[in-house]
1. Report the net charge of residues surrounding D157, where surrounding means a beta-carbon distance below 10 angstrom and charges are Lys +1, Arg +1, Asp -1, Glu -1.
2. State which entries of K79/K128; K115/K170; K41/K126 exceed 31 angstrom in Cα-Cα distance in the structure shown.
3. Mind putting a number on the dipole of the stretch 55-178 about its Cα centre? Charges go on the C-beta only, +1 for Lys and Arg and -1 for Asp and Glu, and I need it in Debye to the nearest 20.
4. Using Cα pairs closer than 8 Å and at least 6 residues apart in sequence, work out the relative contact order for the stretch 48-119, in percent.
5. Straight-line reach from K76: which lysines fall under 20 Å, measuring Cα to Cα and dropping same-chain residues less than 8 apart?
6. Measuring from label point to label point, each 7 Å out along Cα→Cβ, what is the R125 to K150 span in nm?
Amino acid sequence: MPYTAPSTTSSGSYDRNTVVSSKQSTSAVPYRTLDVGCEGKDVEALQVLLGKLKYDVFPSGYYTQKTRLAVLQYQKDNKLTADGKVYISTYKMIQRKVSASTFPNRVLEVGCEGKDVDSVQVLLRKLKYDVYPTGYFTEMTKQAVVQFQKDNQLTQDGKVDVRTFELIQKKYNELRFK
């Protein structure tokens, strides 16, 4: 999914309403605890996720005090121990929250229409499934979903629920960031 780069406000801070950009996949879980002083793609992926949740952080790849403050706020908002560190379990929680926030607010099936349907069709098309982005969930879309579900050992009902949606996103990110 395309993202726009964050803009700065007149005070020099980043606009929290702007979605952040990154070429880093956010589906990989870091192998270490992230804290001030860490740097790398795992830090950048964390920052992208936090940005998607509207926390004030820029995806630089450097775990700065500003990143720590965003993590502290996330921890407080979610009633976690607020120490500013991101453990693997915390990272997975952030991933799940982002995934839940991007999932369409309904199960997609034949007869549905809208931008959420179009988005799923675009992802399936990029994954080489035989579907065209029209915004209408047709029998052709259902067959593409069934094939995706079959290829990934999911229940083959042709409906896009949370589990199917998350796996479509994950497979797309894996393809995109190879």
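1. Values: positive: K142, K159; negative: E109, D161.
Every neighbour counted, the sum reads 0.
2. Over 31 Å apart, Cα to Cα: K79/K128.
3. 540 debye
4. Once normalised by length, the contact order is 25 percent.
5. By straight Cα distance, K76 reaches K52, K54, K66, K85, K92, K97.
6. My value for the distance between the label points is 2.3 nm.
Values in this text are rule-based calculations from the coordinates and carry no lab data. Because the structure is predicted, anything quoted here is derived from the model rather than measured. In this analysis, Cβ positions are derived from the backbone assuming ideal geometry, glycine residues included, and neighbour counts consider all displayed protein chains.
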